1. Assuming A:Asn89 fulfils every condition listed in (1) touching a residue at least 40 places away in the same chain (Cβ under 8 Å); (2) within 14 Å of another protein chain (Cβ to nearest Cβ); (3) more than 10 Å from DNA strand C (Cβ to nearest atom); (4) not hydroxyl-bearing (Ser, Thr, Tyr) apart from one, which condition is it?
2. Would you confirm whether any residue within the range B:22-30 is within 12 Å of DNA strand C (Cβ to nearest atom), surrounded by 13 or more Cβ atoms within 10 Å (Cβ to Cβ), touching a residue at least 40 places away in the same chain (Cβ under 8 Å) and within 14 Å of chain A (Cβ to nearest Cβ)?
3. Step by step: first the residues of the range A:40-53, then only those that are within 13 Å of DNA strand D (Cβ to nearest atom) and assigned to a helix (DSSP H, G or I), then the one that is farthest from A:Asn139 (Cα to Cα). Which residue is that?
4. Name the residue that is surrounded by the most Cβ atoms within 10 Å (Cβ to Cβ), counting only residues in the range B:131-159 that are aliphatic (A, V, I, L, M) and touching a strand residue (DSSP E or B) at 6+ places or on another chain (Cβ under 9 Å).
5. In the range A:100-134, which residues are part of a loop (DSSP other than H, G, I, E, B) and farther than 23 Å from A:Ile77 by Cβ?
6. Filter the range B:48-84 down to residues that are in contact with a Lys or Arg (Cβ under 9 Å, 6 or more places away or on another chain) and not hydrophobic (A, V, I, L, M, F, W, C) and give me whichever is modelled with the lowest pLDDT.
7. Consider B:Ser109 carefully, then state whether it is more than 10 Å from DNA strand D (Cβ to nearest atom), under 23 Å from A:Ala130 (Cβ atoms) and more than 14 Å from every other protein chain (Cβ to nearest Cβ).
Protein chains: 2
Amino acid sequence: MHEHNHQICIDQALKRAKQVCLQHGVRLTELREQILRLIWQNHKPLGAYLLMNLLEENSDREHVAPPTVYRTLDFLIEHGLIHKVHSLNAYVGCSSPNQDRCNALFICSVCGETEEIPNNSIQQAINLSASQHKFTVENQMLEIMGKCQPCKQKKASDS
Amino acid sequence: MHEHNHQICIDQALKRAKQVCLQHGVRLTELREQILRLIWQNHKPLGAYLLMNLLEENSDREHVAPPTVYRTLDFLIEHGLIHKVHSLNAYVGCSSPNQDRCNALFICSVCGETEEIPNNSIQQAINLSASQHKFTVENQMLEIMGKCQPCKQKKASDS
DNA sequence: CTAAACTATGTTATATGATAACATAACATC
DNA sequence: GATGTTATGTTATCATATAACATAGTTTAG
């Protein structure tokens with residue numbers, strides 16, 4: 001795990017979520033805030049059913065059913081607060097919700113930690129390729145699996 | 001649909017599959033060939049259960065079970081003959097099986113037609129971004145949803 | 001202030017996608 | 001043709017996601 005202050009991460013994400021909801025004229029309900037918080041407590045993508053269990057453990061809710069979670073995930077995705085990581089069927093906090101399009105997601109295959117990295121030159125290359133093929137982009141996803149620096153070092157020191 | 005000769009497409013894909021299997025020292029069995037053929041009969045990504053049904057309809061097999069299809073899909077993926085389109089949970093023929101990494105997949109949200117477009121500058125941008133973050137890429141997926149040229153034209157003429 | 005409209009959540013059932021575990025068959029090699 | 005290997009069949013089950021409808025909570029207009 002990178003050494004960075006998680007609490008600050010979470011606080012920032014929630015603060016931003018409140019702003020976004022205000023701007024969009026929608027409500028950040030308790031449920032939505034709880035799920036967003038759970039997601040941000042990891043930098044790993046979390047599956048919907050895991051989130052369901054976490055929600056049962058970490059709130060006074062007793063029985064949480066799938067639709068509850070999926071609706072909330074849909075809401076958070078719709079307002080750019082989280083991403084779905086399709087290669088894992090899992091969900092991760094969005095660190096730059098102001099962008100139209102999804103950035104590159106770097107996913108470590110060892111620790112699962114996921115970083116969203118904005119990159120103009122990737123975007124430009126995609127846009128160029130799209131326009132060359134007269135293709136109008138609505139949505140895109142770039143997921144990159146591999147090993148992060150800390151995990152590589154750790155593996156090296158293990159052997 | 002682009003006007004291009006499908007049969008040539010399919011034939012080329014099967015020819016290439018035979019080469020690849022020969023090189024890799026594995027067998028292109030009847031089942032594998034049938035599924036590869038079914039996949040190539042579309043330029044749209046097909047789901048595993050749809051393929052299962054198509055296989056029952058288009059072969060003398062009576063009951064095809066999920067593992068049969070999934071094992072075959074795994075085989076075809078492993079040998080670079082098809083791609084899984086994660087955003088659709090579906091499978092599409094790979095048009096350039098010699099590459100290490102997956103190219104950009106342009107998926108039309110109207111007709112579903114999918115094109116795999118190799119693009120060095122996208123790949124370079126990804127590699128650069130990865131190396132800047134000291135991230136070792138093992139695998140990647142870039143899926144771009146939007147509208148293809150024919151569908152845009154068609155829509156324009158409809159209105 | 002309360003009825004109506006809208007938004008959010010609860011509940012039950014089910015659809016869809018994928019795999020585990022073990023049995024059988026086909027093929028290859030000696 | 002016995003043996004090991006690869007491929008496929010079979011049954012059950014897990015994992016992911018949604019449909020459809022019921023209830024509750026919020027907002028707004030009259």
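The values are calculated or read from the model by the stated rules, or taken from the named source; none is laboratory data. Everything quoted here is computed from the prediction, not taken from an experiment. Here Cβ is always computed from backbone atoms with ideal geometry, including for glycine, and neighbour counts include all displayed protein chains.
1. Result: A:Asn89 passes all but (3).
2. Checking the range B:22-30: not a single residue is within 12 Å of DNA strand C (Cβ to nearest atom), surrounded by 13 or more Cβ atoms within 10 Å (Cβ to Cβ), touching a residue at least 40 places away in the same chain (Cβ under 8 Å) and within 14 Å of chain A (Cβ to nearest Cβ).
3. That would be A:Asn53.
4. In this case the residue turns out to be B:Ile144.
5. A:Ser109, A:Val110, A:Cys111, A:His133, A:Lys134
6. Selected residue: B:Asn58.
7. Considered against the rule, which asks whether it is more than 10 Å from DNA strand D (Cβ to nearest atom), under 23 Å from A:Ala130 (Cβ atoms) and more than 14 Å from every other protein chain (Cβ to nearest Cβ), B:Ser109 comes out as no.
Yes/no matrix, rows are residues, columns are (1) within 30 Å of B:Ala156 (Cβ to Cβ); (2) among the hydroxyl-bearing types (Ser, Thr, Tyr):
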position	(1), (2)
B:Arg27	no, no
B:Gln34	no, no
B:Ser59	no, yes
B:Val64	no, no
B:Glu78	no, no
B:Gly112	yes, no
B:Gln124	no, no
B:Asn127	no, no
B:Glu138	no, no
